Protein chains: 2
Amino acid sequence: MITIPRTEEENKRVREAQRISILEAAKNIFARKGWSTTITDIASAASVSPGLIYHYFVNKEAIFCELLGQTIQSDLDIFQQLMQSGDTAAQRLEMLISSMLKFRQDQIKQFGITVQAAKETSSSGNELEIMRRIFKNLKNNDSKAKDLQELMMKRVQTVHEIVLQLIVEGQKNGEFASDPPPKLALMIFQSIQGLTTLALDKPEEYEQHYPYTDIIMRMLYS
Amino acid sequence: MITIPRTEEENKRVREAQRISILEAAKNIFARKGWSTTITDIASAASVSPGLIYHYFVNKEAIFCELLGQTIQSDLDIFQQLMQSGDTAAQRLEMLISSMLKFRQDQIKQFGITVQAAKETSSSGNELEIMRRIFKNLKNNDSKAKDLQELMMKRVQTVHEIVLQLIVEGQKNGEFASDPPPKLALMIFQSIQGLTTLALDKPEEYEQHYPYTDIIMRMLYS
């Protein structure tokens, strides 16, 4: 049998497919096992050797960085689509609040931050605080971690801008109460912050009463 | 001139009046200068010598313990009156939420916890967390501090019970939405928690948008 050597183009495609399948497997296993996930776990889930994983990624932190970056980028795309959709301000704000709660919940789950929080007897839970803890976990200060940090800052900033914009729009349409928009936005963010603290401190209680979007939204109606 | 020696009864009255006037002066100066208040400040405000202050109190921590204890006891009395008043559940809940926000704000002000919070880069702000910081500041583990701790725990517990009770009552009267009462109570406490975090981290922003009770109350209406 004659084996035809793969072209550089084909090689690149194979490598890219392998990389994606490793990331996919890692995503599932991180979601299930949280931060205790090892390279061996990922290798076994992806049906490849640990050596092959190290061929593509320096360590599990690098894999996590990439996955989180993908999630944030996809969220940013969704936010943009959201703003161009024909839904009412209330409907779009509802989706945004749900997405914020879900994002934080995912981060908490994936990092097992609950355990850490319990140890520190600190119970803070805002988005930047979660970021701080993530980067403490990542422990690598290289350019990729910096890119990720910037991306997360961009996410926070974008969410703040959109929430304010939607409140203003909803007030114009008579959907929302006429309190100062920054005050309404603040109430949304601080109640989400309070809920994140709960998710960190008492995850069972948080899960028990989930979801929270409807009740948060009521603050906007007079 | 003949001076008639004071009876033991009269002596007791004089001492009690002096003690009360020292506490009154301390209350004002603590509210103004916060935790940096000294015994000399209190003495000067009460127009007595520092020596006389030490006759009645071991240190400023002891004075603070007593003042905080008085505040909490008076709050507990007010809560009891509140439950016996003829106001609607919504009106009483509104008063309770305002009192919770005010209590936390006062504690934060009096302890200058903001500065401390900034130093620790921790931004947690629930009632128990504030208590923890207060007792760290008090640094005395004697029986009075223990009494105070119990009184604060009682305050937290009483507030939780009353909030739940008022929600149930308000639902029966058709005042509130029909979500599970523990969930509505949770949303109230977590939004107050989020606002306390803001008061700790960004006191100017918190002050700027104060008050918050009306918007919190809206979560209860469907």
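Residues considered: B:LEU148, B:LEU186, B:LEU200, B:LEU195. Of these, the only one that is under 25 Å from B:PHE64 (Cβ atoms), of a type in the set (A, V, I, L, M, F, W, C) and at the interface with chain A (Cβ under 7 Å from one of its Cβ atoms) is B:LEU195.
Search the stretch A:72-103 for residues being in a helix (DSSP H, G or I) and without any contact (Cβ under 8 Å) to a residue 12 or more places away in the chain, and hand back the single one that is surrounded by the fewest Cβ atoms within 10 Å (Cβ to Cβ). It comes out as A:GLN84. Looking only at the stretch A:203-222, residues that are at the interface with chain B (Cβ under 7 Å from one of its Cβ atoms) and part of a helix (DSSP H, G or I) come to 3 in all.
Residues in the stretch B:164-184 that are buried (at least 22 other Cβ atoms within 10 Å of the Cβ) and assigned to a helix (DSSP H, G or I): B:LEU166, B:ILE167, B:GLY170, B:LEU184.
Taken over the stretch B:74-88, residues that are of a type in the set (A, V, I, L, M, F, W, C) and closer than 16 Å to B:ILE167 by Cα amount to 3. Please determine whether any residue of the stretch A:59-71 is closer than 23 Å to A:GLU207 by Cα, buried (at least 20 other Cβ atoms within 10 Å of the Cβ) and either touching an Asp or Glu at 6+ places or on another chain (Cβ under 9 Å) or modelled with pLDDT of 95 or more (or both). No; the residues of the stretch A:59-71 include none that is closer than 23 Å to A:GLU207 by Cα, buried (at least 20 other Cβ atoms within 10 Å of the Cβ) and either touching an Asp or Glu at 6+ places or on another chain (Cβ under 9 Å) or modelled with pLDDT of 95 or more (or both). Kindly evaluate B:PRO182 against the criterion of being at pLDDT 95 or above, farther than 15 Å from B:SER99 by Cα and not hydrophobic (A, V, I, L, M, F, W, C). The answer is yes for B:PRO182. Scanning the stretch A:190-203 for any residue that is of a type in the set (Asp, Glu), modelled with pLDDT under 95 and buried (at least 16 other Cβ atoms within 10 Å of the Cβ) turns up at least one such residue. The single condition among (1) in contact (Cβ under 8 Å) with a residue 12 or more places away in the chain; (2) within 21 Å of B:VAL156 (Cβ to Cβ) that B:ASN28 does not satisfy is (2).
The values are calculated or read from the model by the stated rules, or taken from the named source; none is laboratory data. Only a predicted model underlies this, so the values are computations on that prediction, with no experimental measurement involved. FYI the Cβ positions are ideal-geometry reconstructions off the backbone, even for glycines, and counts take in every protein chain you see.
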